[in-house]
Amino acid sequence: MAIDDSLDGLRRADFRHHLAIPTRWLDNDSYGHVNNVVYYSYFDTVVNEHLIREAGLDILRDPVVGIVVETSCRFYRSLTFPEVVDAAMRVTKLGRSSVVYEIGLFKEGEEPPAATGRFVHVWVDRESQTPVAVPERVRAALVPLMISAT
């Protein structure tokens, strides 16, 4: 299987939205660095923070929700506690019912990224779990983050 290197070489300026996330003591593993599964939590945090703040997403009551159907992460260097992570994201595809996000995790004040990733939402009816159109208010919040696909 070929390694997807489309996110290699990215810098902070390549992303449209940034969120500072402090690492926590419990994020570290027995090797003294942030455990790999926590990187996925940072991905979830930057995406959902944007959707809640900018699109008014109500994760408890909205009848349409984004379900994560695909994620990937490429690790370049370790993050540790205590640090502040700059989680940066952009949108490379905004389809009828799906969104593809690219994410970079940067140590505060450093280039290049510590990790890059891909995160895909499919928007579904909460009850039936069938795909539906991305809600207009979500679409409006994501359009400014769009870039050409890499």
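A few points about this structure:
- When Rg and the Kirkwood Rh are both derived from Cα coordinates, the Rg/Rh ratio for region 12-145 amounts to 0.99.
- MRE, 222 nm, helices only [DSSP H, n ≥ 4, -39500 (n - 2.57), over the chain, to nearest 500]: -6000 deg cm²/dmol
- Summed residue charge, Cβ within 14 Å of Pro63's Cβ, Lys/Arg positive, Asp/Glu negative: -2
- Applying the criteria of a DSSP loop state and at most 11 other Cβ atoms within 10 Å to the trypsin sites (Lys or Arg not before Pro) of region 95-150 yields Arg96.
- For the chain: relative contact order, % (alpha-carbon pairs under 8 angstrom, 6 or more apart): 30 percent
- For the chain, built as a Gaussian network whose Cα springs stay under 10 Å, the top-fluctuating residue of Val120, Val69, Val34: Val69
- Local net charge near Val132, Cβ-Cβ under 15 Å (Lys/Arg +1, Asp/Glu -1): 0
- Pairwise centroid distance, computed over Cα atoms, of region 114-147 with region 5-48, Å: 19 Å
No value in this document is a laboratory result; all are computed from the given coordinates. Keep in mind the model is a prediction, meaning the values are calculated, not measured. Counting neighbours? That spans all protein chains shown, and the Cβs are built from the backbone with ideal geometry, glycine included.
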